[in-house]
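Colleague: Dumping the structure here so I can ask a few things about it.
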Amino acid sequence: MANDSLYDLYNQVFNYVYPQIKSLRRGVLYNVLYIILDGERHNAEYICNNFGIKISATKDDDGEIVNNIGVPIKMMYNPFFINLSKREIFWIVVVACLLVGVIGCIKFIQRRENEEREGNGRNAQQPVAVPSQPSVAQLQPLTVALCLVAPAHILNSLKEQDLIDADVIEKLIDNSSYFLSIKDADAELLQQDLDLTDENISIISDRREVYVRIQIKDGEEILDKTVPYILKRNLPSNHKGVVKKLAPLGDLSGLEKFNRV
């Protein structure tokens, strides 16, 4: 019975996190941990550091951790999952649940249930007349610079001043080795520390590292984010950006302020 209860608990966690991780090619276990431990970043970092869980890990890498931890077969098997790749992700979520513990899973589920109840309450609420109140200060719209370092073959179709859509931005994030989201006004100062060259991207080595800066309006929700999944999740609704700078790197100096994948 105890195993059945745990299975149900892990299955509930999976149902909440799957829509957020199903398209990830790398860092599935890493991202699941940060999703479950939302607001407890230090705990997520501790677990990842101690178990060698990396944001750049493939599903095979995560699978090795699954095997090393030794998840019971009963928990690893879900007969309702016909899609093999979906079952593979389920196993990874189970490992994340084991690492954060039952209490961590329960707290996560309670947070999600509370969010759902609050959302339903807002939808059901009828407008009522209220006395005039001073308006609450809103988060001011902010133009953000999304600065990435990625291989030349990922960026060689772009040009400065290109307007790029959501799928392109997310692909760039997924393939970046370094990233940073800062205020657009600070981007020029940041670039002064980088060894940027004027080489033609189309003729350099495919694996050569290239710097790209994307200007994103109304990007206040991605400012200073340090996890790629959260960065993509918080992109503004229009998901468009302008390529403001594109240049190969002479070396990796000046990237100390960036988040490394």
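Colleague: Scan (1) of a type outside the set (Asp, Glu); (2) without any contact (Cβ under 8 Å) to a residue 60 or more places away in the chain; (3) under 27 Å from Tyr34 (Cβ atoms) for the single condition Ile203 breaks and write down its number.
Modeller: Condition (3) is where Ile203 drops out.
Colleague: Now for a different question. Tell me which residues, restricted to the range 233-261, are out of contact with any Ser or Thr (no Cβ under 6 Å at 6 or more places or on another chain), aliphatic (A, V, I, L, M), assigned to a loop (DSSP other than H, G, I, E, B) and crowded, with 17+ Cβ neighbours inside 10 Å.
Modeller: Leu235, Leu255
Colleague: Considering only the range 159-193, state which residues are β-branched (Val, Ile, Thr) and open to solvent by 30 Å² or more (accessible area, probe 1.4 Å). Step through it out loud before you land on a result.
Modeller: To start, the set of residues in the range 159-193 that are β-branched (Val, Ile, Thr) comprises 164, 168-169, 173, 182.
Hit for the range 159-193 is Val168, nothing else.
Colleague: Filter the range 194-207 down to the residues that are surrounded by 15 or more Cβ atoms within 10 Å (Cβ to Cβ) and either touching a helix residue (DSSP H, G or I) at 6+ places or on another chain (Cβ under 9 Å) or assigned to a strand (DSSP E or B) (or both) and list them by number.
Modeller: Leu196, Ile201, Ile204
Colleague: Taking the range 11-37 as the region of interest, how many residues are within 18 Å of Asp174 (Cα to Cα) and not in a helix (DSSP H, G or I)?
Modeller: The total comes to 6.
Colleague: When you check Asp8 against the structure, is it among the charged types (D, E, K, R), open to solvent by 80 Å² or more (accessible area, probe 1.4 Å) and either in a helix (DSSP H, G or I) or under 19 Å from Arg87 (Cα atoms) (or both), yes or no?
Modeller: So Asp8 fits the description; yes.
Colleague: Something else: Given the residues Lys257, Lys244, which is the only one that is under 12 Å from Val144 (Cβ atoms) and over 18 Å from the mean Cα position of the chain (by Cα)?
Modeller: That would be Lys244, the only listed residue that is under 12 Å from Val144 (Cβ atoms) and over 18 Å from the mean Cα position of the chain (by Cα).
Colleague: I'd like to know if the range 118-130 contains one or more residues that are modelled with pLDDT of 90 or more and not in a loop (DSSP other than H, G, I, E, B).
Modeller: no
The values are calculated or read from the model by the stated rules, or taken from the named source; none is laboratory data. No experiment lies behind these values; they were computed from the predicted model shown. Glycine also receives a Cβ, built like all others from the backbone with ideal geometry; neighbour counts cover every protein chain displayed. Side chains are part of the model used for accessible areas, which takes the heavy atoms of the whole protein and leaves out ligands, DNA and RNA. Shrake-Rupley method; radii C 1.70, N 1.55, O 1.52, S 1.80 Å.
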